[in-house]
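K.L.:
Pasting in a structure now, in structure tokens, and then I'll have a few things to ask.
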Amino acid sequence: MAGAAHCSLQAKRLLLDPKFEGYKLSLEPLACYQLGLDAAVAEVKLRDDQYTLDHMRAFGMYNYLHLDSWYQDNVYYVDQFGRVMNLSVTLDSALQKPREVFRLPTDLAAYDDRLCASIHFSSSTWVTLSDGTGRLYLIKSGKRGNSASEKWEIMFNEELGSPFIIAHSVCFLKSNVHSVAVLLLRVEKDELDTKGSGFHITLEWLTIGEISKEGDHRYEIFKRRVLQGKSVPHYAAIEPSGDGLMIVSYKPFKFLHVEEDKVEENDDAKTTTEKKDPLYYWQQTEDDVTITVHVPEDNTKDDIKVCFSPDHICVTLKDQPPLMEGKLYSSVDHESCTWIIREDKSLEISLIKKNEGSRWPELILGDTRGEFIMDPSQCSEIAESLMHLTSEVMNPNPEKENPPCNAQELEECDAFLEDSASLCRFDGDTLKVTHVIHLGSNQYLFSVVVDPREMPCFCLRHDVDALLWQPHSDQPENMWEHVATFNALGYVQASKQDKKFMACAPDYSYAALCECLRRIFIYRQPTPLSTVLYNRKEGRQVGQVAKQLVTTLEANDPILGFQATSERLFVLTTKTLFLIKVNSGS
């Protein structure tokens with residue numbers, strides 16, 4: 001990932017509520033409608049050779065209900081006869097039975113090694129569809145959503161190797177050619193992996209374009225690119241322009257290059273395995289920061305250029321790319337900053353802190369090429385300041401108002417299986433990572449399509465809250481925008497041991513999660529109260545309250561699909577489709 005810009009997610013303070021008091025359980029009944037299905041959902045259970053956590057994540061926890069975000073309250077699923085069934089809702093009290101819109105030509109029962117069929121809605125009139133056997137269909141659907149003009153017509157149909165599921169797809173115009181980019185996900189046996197699970201994950205990025213020859217219009221594959229990684233991505237989406245790709249994953253993905261690039265890849269691997277010395281060392285006091293950079297001996301003072309600004313530093317040698325450059329952790333008095341060449345030919349830079357007394361946890365945001373050196377006096381100072389937090393006794397003063405934390409009382413809310421996930425943006429032309437964000441403990445929760453013309457949003461846990469982020473690939477200065485907050489949802493969801501799916505309304509009015517069987521939890525955003533309510537403990541009036549609602553389905557079958565719209569929740573089991581009315585229409 002050398003050369004990639006290390007970025008960070010900037011939360012909007014106005015969307016955070018530090019005074020949030022929690023959810024109040026509401027007993028208000030929610031209208032729940034159910035539709036019996038003519039044929040069972042085409043569920044594909046994991047085989048004995050699909051035993052890894054990645055198989056479970058990709059296929060065992062697959063959402064069999066597909067929401068068409070281009071049209072309101074429009075859902076699809078595939079039944080055991082290979083029929084694509086649609087339910088479009090306008091009025092809850094006048095529900096129609098799901099109707100067939102397309103039938104897969106393949107006899108699914110004849111394939112033992114197939115995966116679940118998958119659907120993705122590339123645009124308001126185009127659909128990508130996989131039958132789970134390794135065949136991809138590109139379909140022109142016309143306007144969907146119970147419309148008379150909806151007619152699914154196959155425009156492209158090709159066998160693409162081993163079975164896959166569709167992770168994402170988009171339609172776009174490139175050089176006046178109508179194109180569709182599709183992302184296919186596979187979990188494949190890895191004979192070379194003797195220490196790990198024995199499998200690797202591939203993401204195949206296809207670009208299919210229209211070709212016109214003598215009045216004959218057909219679609220062909222223009223490009224095939226393959227990425228490989230060691231964990232199923234939490235999130236993978238193609239940019240609306242088809243120029244890039246964003247992936248959130250626990251372990252990194254890399255493009256498999258063509259032959260001439262393999263040498264370059266091997267060289268990269270060698271350099272990463274060799275332990276590199278730090279590029280620079282830095283120390284700090286309460287007033288200043290001192291940086292020592294080793295520069296090659298053949299450089300003179302005239303070859304070195306150091307530029308300071310209130311929150312930025314740049315060091316260059318001759319006409320080479322910047323040796324170190326980036327945004328400083330905090331502001332400096334740039335007019336008082338200096339640099340000298342020491343006797344050992346190293347470069348020493350002195351930065352004067354604007355906010356005296358503050359300690360910097362890092363020098364340049366996201367730059368890991370330096371090493372911090374702490375002098376012994378600072379170590380003893382820090383140890384002394386933390387002394388009051390430690391004791392020989394487990395709880396020396398139990399009557400104290402704020403007793404120390406007891407680890408046995410903690411829920412699993414802060415224990416993450418994967419604490420090093422990252423968000424990477426890949427360029428479609430160079431096949432290199434251009435931006436990377438290390439998510440650390442910001443646990444991935446779910447994704448949701450808010451605007452179908454944009455990339456899907458992803459929801460991450462930040463402390464106890466859940467923050468929703470909207471990627472903007474066309475806005476380099478605002479590539480990931482914080483668009484909504486679900487208060488305390490990060491904490492709440494961690495206590496739900498049996499949760500299977502999470503979702504939220506595209507208008508952010510509520511978030512919801514379901515367990516494997518029956519129970520649905522709904523968390524509404526805070527709303528103003530119609531009556532006066534007092535907080536007795538603090539003796540003040542409460543202006544708004546956030547409600548939690550719980551619904552139990554009348555079903556014994558496991559939940560296979562779960563989707564949220566602004567008005568209702570759709571829940572799919574093997575033989576029934578449930579509709580839960582959460583908000584009344586405007």
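K.L.:
Right, SER88: at pLDDT below 90, touching a Phe, Trp or Tyr at 6+ places or on another chain (Cβ under 9 Å), of a type in the set (S, T, N, Q) and closer than 30 Å to LYS151 by Cβ or not?
P.N.:
Here the answer is no, as SER88 does not meet what is asked.
K.L.:
Does region 338-361 include one or more residues that are closer than 27 Å to THR434 by Cα, at pLDDT 85 or above and either of a type in the set (Val, Ile, Thr) or more than 38 Å from the chain's Cα centre (by Cα) (or both)?
P.N.:
no
K.L.:
Still on this structure, I have one more. Return the pairs, sorted by first residue and then second, in which the second residue is of a type in the set (Lys, Arg), the first residue lies in region 71-82 and is under 30 Å from ALA110 (Cβ atoms), the beta carbons are less than 9 Å apart, and the residues are 6+ apart or on different chains.
P.N.:
Qualifying pairs under 9 Å: TYR76/ARG144; PHE81/ARG103; GLY82/ARG103.
K.L.:
Okay, moving on. Output the residue which, of all residues in region 1-59 that are under 30 Å from ASP92 (Cβ atoms) and among the charged types (D, E, K, R), is surrounded by the fewest Cβ atoms within 10 Å (Cβ to Cβ).
P.N.:
Going through the qualifying residues, I end up with GLU28.
K.L.:
Taking only region 205-226 into account, find how many residues are of a type in the set (Val, Ile, Thr), under 23 Å from GLU454 (Cα atoms) and open to solvent by 10 Å² or more (accessible area, probe 1.4 Å). Before the answer, list the steps.
P.N.:
Going through region 205-226, the residues of a type in the set (Val, Ile, Thr) turn out to be 207-208, 211, 221, 226.
Still in the list and also under 23 Å from GLU454 (Cα atoms): 207-208.
In the following step, the residues that additionally are open to solvent by 10 Å² or more (accessible area, probe 1.4 Å) were identified as 207.
So the answer is 1.
K.L.:
In region 12-40, which residues are among the aliphatic types (A, V, I, L, M) and either outside the structural domain of VAL550 (by the TED database) or not in a strand (DSSP E or B) (or both)?
P.N.:
Matches in region 12-40: LEU14, LEU15, LEU16, LEU27, LEU30, ALA31, LEU37, ALA39, ALA40.
K.L.:
Shifting gears a bit: Pull out all pairs, ordered by first then second residue, where Cβ-Cβ is under 6 Å, the residues are six or more apart or on different chains, the first lies in region 88-102 and is in contact (Cβ under 8 Å) with a residue 60 or more places away in the chain and in the same structural domain as ALA564 (by the TED database), and the second is open to solvent by less than 50 Å² (accessible area, probe 1.4 Å) and in a helix (DSSP H, G or I).
P.N.:
Hits for this filter: zero, empty list.
K.L.:
How about region 299-331: which of its residues are within 20 Å of PRO278 (Cα to Cα) and assigned to a loop (DSSP other than H, G, I, E, B)?
P.N.:
Matches in region 299-331: ASN299, GLN320, PRO321, PRO322, LEU323, TYR329.
K.L.:
When you look at VAL248, is it in the same structural domain as ALA503 (by the TED database), touching a Cys at 6+ places or on another chain (Cβ under 6 Å) and not basic (Lys, Arg), yes or no?
P.N.:
When the stated conditions are applied, VAL248 does not pass them.
K.L.:
Of the residues that make up region 364-379, is at least one open to solvent by less than 40 Å² (accessible area, probe 1.4 Å), at pLDDT 70 or above and of a type in the set (Phe, Trp, Tyr)?
P.N.:
There is no residue in region 364-379 that is open to solvent by less than 40 Å² (accessible area, probe 1.4 Å), at pLDDT 70 or above and of a type in the set (Phe, Trp, Tyr).
K.L.:
What are the residue pairs meeting all of these: first residue in region 478-493, first residue assigned by the TED database to the domain that holds PHE521 and under 23 Å from MET455 (Cα atoms), second residue open to solvent by less than 30 Å² (accessible area, probe 1.4 Å) and among the acidic types (Asp, Glu), Cβ atoms under 6 Å, and 6 or more apart or on different chains?
P.N.:
The qualifying pairs are THR485/ASP465; GLY490/ASP465.
K.L.:
What are the residue pairs meeting all of these: first residue in region 1-23, first residue over 24 Å from ILE522 (Cα atoms), second residue β-branched (Val, Ile, Thr) and exposed (fewer than 12 other Cβ atoms within 10 Å of the Cβ), Cβ atoms under 9 Å, and 6 or more apart or on different chains?
P.N.:
So the pair list comes out as ALA2/THR271; ALA2/THR272; HIS6/THR368.
K.L.:
Regarding GLY229, is this residue at pLDDT below 95 and surrounded by 15 or more Cβ atoms within 10 Å (Cβ to Cβ)?
P.N.:
In short, yes.
K.L.:
To continue, here is another question. Specify which of the listed residues (SER122, SER118) is under 17 Å from PHE59 (Cβ atoms), at pLDDT 95 or above and surrounded by 21 or more Cβ atoms within 10 Å (Cβ to Cβ).
P.N.:
Values: SER122 fails: under 17 Å from PHE59 (Cβ atoms).
Testing whether each residue is under 17 Å from PHE59 (Cβ atoms), at pLDDT 95 or above and surrounded by 21 or more Cβ atoms within 10 Å (Cβ to Cβ) leaves just SER118.
K.L.:
Right, next: Tally the residues that are open to solvent by 30 Å² or more (accessible area, probe 1.4 Å), outside any loop (DSSP other than H, G, I, E, B) and closer than 21 Å to GLU153 by Cβ, restricting the search to region 77-107.
P.N.:
4
K.L.:
Condition first: closer than 19 Å to ARG369 by Cα and without any contact (Cβ under 8 Å) to a residue 40 or more places away in the chain. Now tell me which residues in region 308-323 satisfy that.
P.N.:
Passing the criteria: ASP311, HIS312, CYS314, VAL315, THR316, LEU317, GLN320, PRO321, PRO322.
K.L.:
Of all residues in region 157-170, count the ones that are touching a residue at least 60 places away in the same chain (Cβ under 8 Å) and either under 23 Å from ARG453 (Cα atoms) or touching a Ser or Thr at 6+ places or on another chain (Cβ under 9 Å) (or both).
P.N.:
Within region 157-170, residues that are touching a residue at least 60 places away in the same chain (Cβ under 8 Å) and either under 23 Å from ARG453 (Cα atoms) or touching a Ser or Thr at 6+ places or on another chain (Cβ under 9 Å) (or both) number 5.
K.L.:
Given the conditions (1) assigned to a strand (DSSP E or B); (2) within 13 Å of CYS457 (Cβ to Cβ), and given that ASP507 satisfies all but one, which numbered condition is not satisfied?
P.N.:
Failed condition: (1).
K.L.:
Okay, moving on. For residues in region 417-450 being without any contact (Cβ under 8 Å) to a residue 24 or more places away in the chain and part of a loop (DSSP other than H, G, I, E, B), which is surrounded by the fewest Cβ atoms within 10 Å (Cβ to Cβ)?
P.N.:
LEU417
K.L.:
So how many residues does region 473-484 have that are within 21 Å of ALA503 (Cα to Cα) and either surrounded by fewer than 21 Cβ atoms within 10 Å (Cβ to Cβ) or within 14 Å of the chain's Cα centre (by Cα) (or both)?
P.N.:
Adding up the residues that qualify gives 4.
The values are calculated or read from the model by the stated rules, or taken from the named source; none is laboratory data. A quick note: this is a predicted structure, and the numbers were derived from the prediction, not measured. Cβ coordinates were reconstructed from backbone atoms using ideal geometry, including for glycine residues, and neighbour counts include every protein chain displayed. Ligands, DNA and RNA are stripped out before the accessible areas are found, and what is left, the full protein with its side chains, is counted by its heavy atoms. Shrake-Rupley method; radii C 1.70, N 1.55, O 1.52, S 1.80 Å.
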